[in-house]
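Quick notes on the structure that follows.
Rule-based calculations on the coordinates, nothing more; no lab input. All figures in this text were calculated on a predicted structure; none of them were measured in a lab. Cβ placement follows ideal geometry from the backbone for every residue including glycine, while neighbour counts extend to all protein chains displayed.
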Amino acid sequence: MDIKLPRGTQDILPSDTAKWQVVEELIREQCRMYHYKEIRTPVFEHTELFTRGVGDTTDIVQKEMYTFQDRGNRSLTLRPEGTASVVRSFVEHKMFGYPDQPVKLYYMGPMFRYERQQAGRYRQFVQFGMEAIGSSDPAIDAEVISLAMSIYKRAGLKSLKLVINSLGDTESRIAHREALVNHFEPHIEEFCSDCQNRLQKNPLRILDCKIDRNNPLMETAPSLTDYLNEESAAYFAKVKEYLTMLNIDFEVDPNLVRGLDYYNHTAFEIMSTAEGFGAITTLAGGGRYNGLVAELGGPDSPGIGYAMSIERLLLAMEAEKIEFPDTTSLDVYLVAMGEKAKKKVTELTFELRKHKISADMDYLERKVKAQMKSADRLKAKAVIVIGEDELEKQSVMLKDLSTGTQQLVPFTSLIDEVKKLTEAK
Ligand code: HAM
């Protein structure tokens, strides 16, 4: 049999899952601090959710979705991102009627995009994302950005860059859109076929084109900043004010346009500037989506959120050589000398576990020396040795592996003594 894992996916092996668990716990803890609650939505949704929500001219919808027909002939799609699903759920469960507004949610789970595989880009990846729906207070834009930055800082990352922009409200966007069409239209044949399609449907996305990015017309394209109406400019100014107040460094990039259609007002990305992080420098992206709830059938509720993949967070931590705490070590390894002792070791191993002491033993009938080696390799804090002598004395030999000291401990006080020893470490 020669079946390998599908391109763009990865097995996360036990040597790495410990790292995942550390960052997942750190993220959940930060969410608790900011009072965001977890939501879990299905891994697949009706395809229409993404064509309407994410936008049918986006790369995600046009090129990257895993769409399939189920046995009931419905068109379903493996979720390429989380925002559309969360907003669907917000509408479906009438969360706009909850007494506590805004509704602050987070999610962590696999997303799927049919993209070209490279470092930091997978076809299945795990996104952590958060959404605050029901408030258009610029302070919550700052809160979302602050939570994102705090996760990276808590993870130990130092080489970070936050880039923000305002995409303005509908009025500003219409004015800017018109200016973009006028700018690109006379020369549109110089551009790729995707851009030619985007010209009428969504000219803003031309600015995000990877193929034509060196065309001189990109440099001289009308900037959205110049088309922001008074209200949008004032909103953006307040977001920046809050960020400054929270001591969050940022750069304004008027060319920052995000790859999804639902954004307006605040848009942002966080990059890693660490050497060795690789070609894809974006760690996270997000922004405001004031029209999306209404687009998906709900009332006119404003929203903002962001998402990042755990894979890229871990790559950035690796690039910055951040050490992970060892969460896999064992409290006690039990060593048996002889057949009779084996029975007692088995009994005690299971007994220790009942008292929340992690314990393991030999299942390969190995010699004492080999069992002791296992204890070392597994970085056990303590070893319990039982032989004929110990059995006779109704005791065990308890050895502290970090100091090498050992003592004879009666069965009756074993749990207490082991707890004393392991909890001190
Ligand atoms: P996005 O920019 O498409 O936005 O993705 C956000 C993040 O997901 C990226 O910055 C990156 O960390 C990660 N990501 C995306 N594609 C891949 C991939 N192929 N492999 C590994 N990581 C990837 C969104 O998805 C929006 N839903 C964010 C948002 C939430 N906006 C408002 N609320």
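Which far-off residues, 5 or more places away or on another chain, put their amide H under 5 Å from the one on T266, with H placed in the peptide plane?
Residues meeting the amide H criterion: L167, R288.
Pop out the ³J(HN,Hα) list for segment 399-416 in order, Karplus 6.51 cos²θ - 1.76 cosθ + 1.60 with θ = phi - 60°, rounded to Hz; leave Gly and Pro as x.
Those phi angles translate into 10, 7, 6, 7, 9, x, 6, 9, 8, 8, 10, x, 3, 5, 10, 4, 4, 4 Hz.
Return the Rg/Rh ratio of segment 325-389 with Cα-based radii and a Kirkwood Rh. Each step should come with its number before you reach the end.
Numbers: Rg = 11.4 Å, Rh = 11.8 Å.
Looking at segment 325-389, the ratio lands at 0.96.
So, with +1 on the Cβ of K and R and -1 on the Cβ of D and E, and no other charges, what is the size of the charge dipole of segment 1-106 about its Cα centre, to the nearest 20 debye?
That gives a dipole near 220 debye.
Among A142, A237, A132, which one shows the highest mean-square fluctuation when the chain is modelled as a Gaussian network with alpha-carbon springs under 10 Å?
A237
With the crude spin-label approximation of a point 7 Å out along Cα→Cβ, what separation in nm comes out for T17 versus K37?
Reported label-point gap for T17 and K37 is 2.9 nm.
Pick out, in residue order, every one of the trypsin sites (Lys or Arg not before Pro) in segment 360-389 that is DSSP loop and has at most 15 other C-beta atoms within 10 Å; say none if there are none.
Loop-located and lightly packed - R366, K367, K379.
Comparing I12, I206, I60, which has the greatest mean-square fluctuation in the GNM of the chain with Cα pairs linked when under 10 Å apart?
With Cα springs under 10 Å in the chain, the top fluctuation among I12, I206, I60 is at I12.
Which one of A155, S166, Q196 is farthest out on the positive end of the charge dipole of segment 153-222, using unit charges on Cβ (Lys, Arg +1; Asp, Glu -1) and the Cα centre as origin?
A155
Pull up all non-local amide H partners of N229: gap of 5 or more, or a different chain, and H-to-H distance under 5 Å with H placed in the peptide plane.
D169, S172
Between the helical axis of 310-319 and the dominant principal axis of the chain, each derived from Cα atoms, what acute angle in degrees is found, rounded to the nearest 10?
Here the helix axis deviates by roughly 70 degrees.
With θ taken as phi - 60° and the coefficients 6.51, -1.76 and 1.60, list the Karplus ³J(HN,Hα) couplings across segment 214-220 in order, rounded to whole Hz; mark glycine and proline as x.
Coupling constants for segment 214-220: 8, 5, x, 5, 5, 4, 9 Hz.
How big is the convex hull of the Cα atoms of the chain, per residue, in Å³?
Hull volume over Cα atoms, normalised by residue count, gives 210 Å³.
Assuming a ≥ b ≥ c are the square roots of the Cα gyration tensor eigenvalues, decide whether segment 168-227 counts as rounded (a/c under 1.5), prolate (otherwise, with a/b larger than b/c) or oblate. Please report the intermediate quantities before stating the final value.
Working: a/c = 1.89, a/b = 1.60, b/c = 1.18.
Note, shape of segment 168-227 comes out prolate.
Dipole size in debye (nearest 20) for segment 379-425 around its Cα centre, Lys and Arg Cβ +1, Asp and Glu Cβ -1?
For segment 379-425, the charge dipole is close to 340 debye.
What nm value, rounded to one decimal, do you get for the distance between D70 and H183 when each label is placed 7 Å out toward the C-beta?
4.4
Just list whichever of K153/K381; K344/K419; K342/K419; K342/K381; K344/K367; K373/K419 have alpha carbons separated by over 25 Å in the model shown.
As for pairs spanning more than 25 Å Cα to Cα, those are K153/K381.
Which of M218, M65, M337 ends up with the largest GNM mean-square fluctuation for the chain, with Cα atoms connected below 10 Å?
Among M218, M65, M337, the largest mean-square fluctuation in the Gaussian network model of the chain belongs to M337.
Could you list which residues have their amide H under 5 Å from that of S358, counting only those 5 or more apart in sequence or on another chain, with H placed in the peptide plane?
D331, V332
Can you give the charge dipole size of the chain about its Cα centre, rounded to the nearest 20 debye, using +1 on the beta carbon of Lys and Arg and -1 on the beta carbon of Asp and Glu?
Values: 55 positive and 64 negative charges, 339 e Å.
The calculation lands at about 1620 debye.
For segment 277-344, what relative contact order do you get, as a whole percent, if you take Cα pairs closer than 8 Å and at least 6 residues apart?
Once normalised by length, the contact order is 25 percent.
Mind listing the phi-derived Karplus ³J(HN,Hα) values for segment 258-268, rounded to whole Hz, using 6.51, -1.76 and 1.60 with θ = phi - 60°, and x for any glycine or proline?
Residue by residue, segment 258-268 yields 8, x, 10, 7, 7, 7, 8, 6, 5, 10, 8 Hz.
Report, in degrees rounded to the nearest 10, the 0 to 90 angle that the Cα long axis of helix 14-34 makes with the longest principal axis of the chain.
Helix 14-34 sits at roughly 60 degrees to that axis.
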